Amino acid sequence: MTARLWRATVTLIVASVASIAIVRTSNAQRPAVASQSFHIPPYAELRVDAIAGRGNTAQAGGGVVIPLGLYVRLGLDGAAGATWRDGSSRASGRVEAITRFTLDPFRESPVALSLGGGVMLPYVDGDAHLRPLLAAVVDLEGRRRRRFTPALQVGVGGGVRVGLVLRASPRNAR
């Protein structure tokens, strides 16, 4: 990995930790009446993605999901892998921030749909410029198994993308 990819990864990790700290601090300072409301803590996600665009890319990564309310989730992820382009393979990676609106935040049905969008910063070894790209995704989450909720994510962002995701969301929320 090059220095730019490391910097982008470190920036994502720092932003994730800062976001969690802000969310936890703001929740700790709520008055007693507001603390009786439903609270969803941040949770981890692991993912494997295939992106077909300017070359074919396979990446694995992870990140944190920060609930911004009952229906909205902010995912901050990083991933690394390989991109095949022009008959050769190159190291690649990405950092992204995707906000999703979930239609079933309390697991009232076995399968749930969520729609989202955000921004991603892809990196391919040898490319001259890093440029942010917009992303739009649709998630289909399944039943929670043991500690994880599996999800299939399809969308566009750097090309057509398909991802398999495991989220460590709480039992009573997505």
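All of the numbers you see were taken from the coordinates with simple rules; none came from a lab. Owing to the predicted nature of the structure, the values given are computational and were not obtained by experimental measurement. Quick reminder, even Gly has a Cβ in these numbers, built from the backbone with ideal geometry, and neighbours come from all protein chains shown.
Magnitude of the charge dipole for the range 37-106, about its Cα centre and with charges confined to Cβ atoms of Lys, Arg (+1) and Asp, Glu (-1), is about 180 debye. For a test of the definition: using alpha carbon positions, the gyration tensor, and the 1.5 limit on a/c, classify the range 38-174 as rounded, prolate or oblate. In terms of gyration-tensor shape, prolate. Most tightly packed first, judged by the mean number of other beta-carbon atoms within 10 Å of their residues, the peptides 76-82, 135-141 read 76-82, 135-141.
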